[in-house]
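Right, one structure below, let's go through it.
The values are calculated or read from the model by the stated rules, or taken from the named source; none is laboratory data. Treat the numbers as computed from the prediction; the structure is a model and nothing was measured. As a convention, Cβ positions derive from the backbone with ideal geometry for all residues, glycine included, and neighbour counts pool all protein chains shown. For accessibility, only protein heavy atoms count, side chains too; no ligands or nucleic acids. Shrake-Rupley method; radii C 1.70, N 1.55, O 1.52, S 1.80 Å.
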Amino acid sequence: MRHKIVAGNWKMNNNLIETEELIKDLKNELKTVKLSEETRVIIAPSFVNLHAATKTTEESLIEVAAQNMHFAENGAYTGEVSAAMLTSLEVKTVILGHSERRSYFNEADDILVKKVNTALNNELEIIFCFGESLEDREQDNHFKVVESQLKNALFHLKSSNFTKIVLAYEPVWAIGTGKTASADQAQEMHSFIRKLLATQYNQELANSVSILYGGSVKPANAEEIFSKPDVDGGLIGGASLKAKDFTAIIKAI
Ligand code: PEP
């Protein structure tokens, strides 16, 4: 079902104490916010703090996601984390395909397709990230790149699988750079993505999928970006690490 979603990707930040403190601050800030029923707030702390995060968010509206997982169900993969380990912690959502995973850890489409299948087999919801590089954008290849990222990792799925998929368009040139895509650039790409879904599946499915924008979303620009009809919320990096900023972004949805 299409929701408004504000998701915070905490990346490799916050130890255990800081994780608990930030969640407590966020819960406090959110006391003043009236969220509509269609709005979801998600945070993605590091693996080691997921258990504490699910406990600290109990009886709040804040949902907890993981930032990654391995594609194998279990086995000899030293240092990795499986889908079943996440679900055993009551984590229901996993971020896959983040550009930092793609570029620093060589996560190409062939790996992502396996991760997508494993996550769905374990009934995890996926926030699937994708987006073009600066070079792709400058060469006017951004639509082609996004289309191939979606086709290669997701378009083998059955339409019923899409109840568990949230898309996050994150132009790489806008992540952590302070450069944001304009609201019109975000809308243009989101509308393109929805058309792709309608062509590959059907219009009803296309209308039902939440498509988030990510890339230097801040309190100052969130409202304009979220005002666009095909932008259903944001995946937020840096600004999700401060309870006041993250709450201001949530208020903009
Ligand atoms: C992200 O890492 O997904 C992200 C959007 O980061 P930032 O908001 O810091 O650009």
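Remarks
- Its residue count N fixes a reference of 2.2 N^0.38 Å for segment 76-134, and the Cα radius of gyration divided by that reference is 1.16.
- Within the assembled protein chains, the solvent-accessible surface assigned to residue 27 is about 70 Å², based on a 1.4 Å probe.
- Extension gain for residue 179 to residue 161 (0.36 nm times residue separation, less C-alpha to C-alpha distance): 3.1 nm.
- Net charge contributed by nearby residues that have their C-beta within less than 13 Å of residue 87 (K/R +1, D/E -1): -2
- Helical mean residue ellipticity (222 nm; -39500 (n - 2.57) per DSSP H run of 4+; nearest 500) of the chain: -12000 deg cm²/dmol
- Residue 1 - accessible surface, heavy atoms, 1.4 Å probe, Å² rounded to 10: 150
- Here the convex hull built on the C-alpha positions of segment 196-235 has a volume of 65 cubic angstrom per residue.
- Listed cross-link partners 164/228; 4/179; 4/228 are compared with a 18 Å cut-off, the Cα-Cα value being larger for 164/228; 4/179.
- Those residues of segment 8-32 whose amide nitrogen sits under 20 Å from the label point placed on residue 242, 7 Å along Cα→Cβ: 8-15, 18-32
- In segment 1-132, the portion of solvent-accessible area held by carbon and sulfur atoms comes to 52 percent [1.4 Å probe, whole percent, DNA, RNA and ligands not counted].
- Three-way shape label, segment 1-48, alpha-carbon gyration tensor, a/c 1.5: oblate
- Subset of 151/242; 55/244; 55/115; 92/158; 31/195 violating a 29 Å alpha-carbon distance limit: 151/242; 31/195
- Heavy-atom SASA rank of 189, 85 (probe 1.4 Å, accessible area, largest first): 85, 189
- 12 Å beta-carbon shell around residue 5, net charge (K/R +1, D/E -1): -1
- Charging the Cβ of each Asp and Glu at -1 and of each Lys and Arg at +1, and nothing else, the dipole of segment 1-114 about its Cα centre rounds to 280 debye.
- Three-way shape label, segment 1-146, alpha-carbon gyration tensor, a/c 1.5: oblate
- Listed residues 193, 42, 111, most fluctuating in the chain (Gaussian network, C-alpha, under 10 Å): 111
- Kirkwood hydrodynamic radius of the chain, from inverse mean 1/r over distinct Cα pairs, in Å: 18.1
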